[in-house]
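Structure first, then comments.
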Amino acid sequence: MKKILITGITGQDGYYLSKLLLDKGYEVHGTVRRSSSINTERIDGFLSEYKSSGQFNLHYSDLLDSSSLNNLISTLEPEKIFNLAAQSHVAVSFKIPEFTIKVGTIGTLNILEAIKNINKDIKFYQASSSEMYGGKFEEKLNEDSRFDPKSPYAAAKVFSHDITKVYRESYGMFCSSGILFNHESPYRGETFVTRKISRAVGRIHMGLQSKLTLGNLNAKRDWGFAGDYVDGMYKILDYSEPDDWVIATGSAHSVENFAKKAFNLIDKNYEDYVETSERYIRPNEVNYLLGDPSKANKLLDWKSSTSFDDLIKLMVESDIQIATKEKMLLDNGLIKPTWENPVVN
Ligand code: NAP
Ligand code: GDD
């Protein structure tokens, strides 16, 4: 069975990419960090489903621990490595810049060096980001557009994007970057804006929350579905040549529009519930991100297949189910009430 290594397997994309690869018959290995509480919630289902077959395996590591990465890569010699690990929250990157930058730069370099020294045939995928563009102008962004990072997170991603290209060109390694625009799902972390909204809509619907506090409602993003985007990641490493690829839907919407549509699904007017606070405004805002995925459409035969409205519906319906369970547990005294808005960022 062909082996794949995924860093950041416990995250949103780690879940969807694992699912795709397991369905294709790969032996999936992922790195997890030690934490004081269990952080494998998204992938626990795979752990039990593939326990006897050994098709799904987790290993302790950290992108900043080159010894564990070297040991793992030399022991497994995977066919491909998907580097999804990052401190991926842009607002948080202003609070913990040193950690964000170390993981987002040295972390990537550690893997590239390990591949170079252990087996140059291992294919490498870097999770680059549309944040690298900075979003100052209302333009469609492609693989040739200029980077203008606006946060420690984005600056680190630019470094990793560039160093991936350096290793590709210097050592003939198969190193590709997917410049992914925002992608969301019911598995999205609760402090990213779409999930923060869908979670609040679910809780408001069940009478568990009364207000939703957001930051910049005018910011626009090109939001797609994570399940579609991991297919793009797979196709990027399956293509004949290593390269850089934009993965996006080609449409941008405002945060306000996302909130409006999400509240409409529970027959409520978002203006009655949404308030704004300076607390959620970033030191440097990225106002507008819109991707041009023409190259991936044409050469990878990849396209985003979930509409904006369907994505919102998927997320809201899932969060109504979660809030329904939460209410049942609360009503039976099995959990304690959380504070009104459970989300911090
Ligand atoms: P996510 O849900 O935040 O997952 C991030 C993953 O990285 C988690 O598994 C996390 O582990 C792990 N991680 C963090 N620091 C680490 C370290 N020092 N060593 C090893 N692992 C570490 O992010 P995502 O949405 O799945 O995104 C996946 C990747 O794509 C990230 O690199 C992100 O920056 C990039 N990206 C995402 C988007 C998007 O819209 N989702 C768009 C463009 C690019 P813990 O669970 O232990 O924290
Ligand atoms: N998180 C958050 N919380 N964002 C808010 C809020 C809020 O209460 N209110 C408004 N926003 C705005 C942010 O200012 C930003 O302009 C937009 O909503 C999207 O914010 P996030 O969902 O946090 O995502 P992001 O665009 O900053 O970053 C995500 O996408 C990048 C790709 O462009 C992350 O997944 C990054 O890891 C990824 O690289």
Using Cα pairs closer than 8 Å and at least 6 residues apart in sequence, work out the relative contact order for region 194-345, in percent.
40
Cα-based Rg (one decimal) and Dmax (whole number) for region 271-345, in Å?
19.1, 55
Cα-Cα over 26 Å, subset of K102/K260; K123/K303; K116/K136; K3/K140; K116/K295
K102/K260; K116/K136; K3/K140; K116/K295
Could you state how much accessible area I43 has, in square angstrom rounded to the nearest 10, with a 1.4 Å probe and all protein chains kept in place?
0
What is the spin-label model distance, in nm, from S277 to Y50 if the labels are put 7 Å beyond Cα along the C-beta direction?
4.0
By the C-alpha gyration tensor axes a ≥ b ≥ c (rounded if a/c is under 1.5, else prolate when a/b exceeds b/c, else oblate), the shape of region 240-283 is oblate
Expressed as a whole percent, how much of the Cα-Cα distance distribution for the chain exceeds 28 Å?
43
Difference of contour (0.36 nm per residue) and Cα-Cα distance, D162 to K140
5.8 nm
Straight-distance crosslink candidates among aspartates and glutamates, where the alpha carbon sits under 19 Å from K19 and sequence neighbours closer than 8 are dropped:
E27, E41, D44, E49, E79, E184, D228, D231, D238
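Which percent, to the nearest 5, of DSSP beta bridges fully inside the chain are antiparallel? Please list the in-between numbers first.
Details: 2 of 37 bridges.
Antiparallel bridges: around 5 percent, rounded to the nearest 5.
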Could you tell me the accessible area of M1 in Å² (1.4 Å probe, neighbours in place), rounded to the nearest ten?
130
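Need the full-extension length gain, S36 to Y60, defined as separation in residues times 0.36 nm minus the C-alpha distance. One decimal, nm.
Answer, rounded to one decimal: 7.3 nm.
The values are calculated or read from the model by the stated rules, or taken from the named source; none is laboratory data. No experiment lies behind these values; they were computed from the predicted model shown. A quick note on method: Cβ atoms are made from the backbone with ideal geometry, for glycine too, and the neighbour counts reach across all protein chains shown. For accessibility, only protein heavy atoms count, side chains too; no ligands or nucleic acids. Shrake-Rupley method; radii C 1.70, N 1.55, O 1.52, S 1.80 Å.
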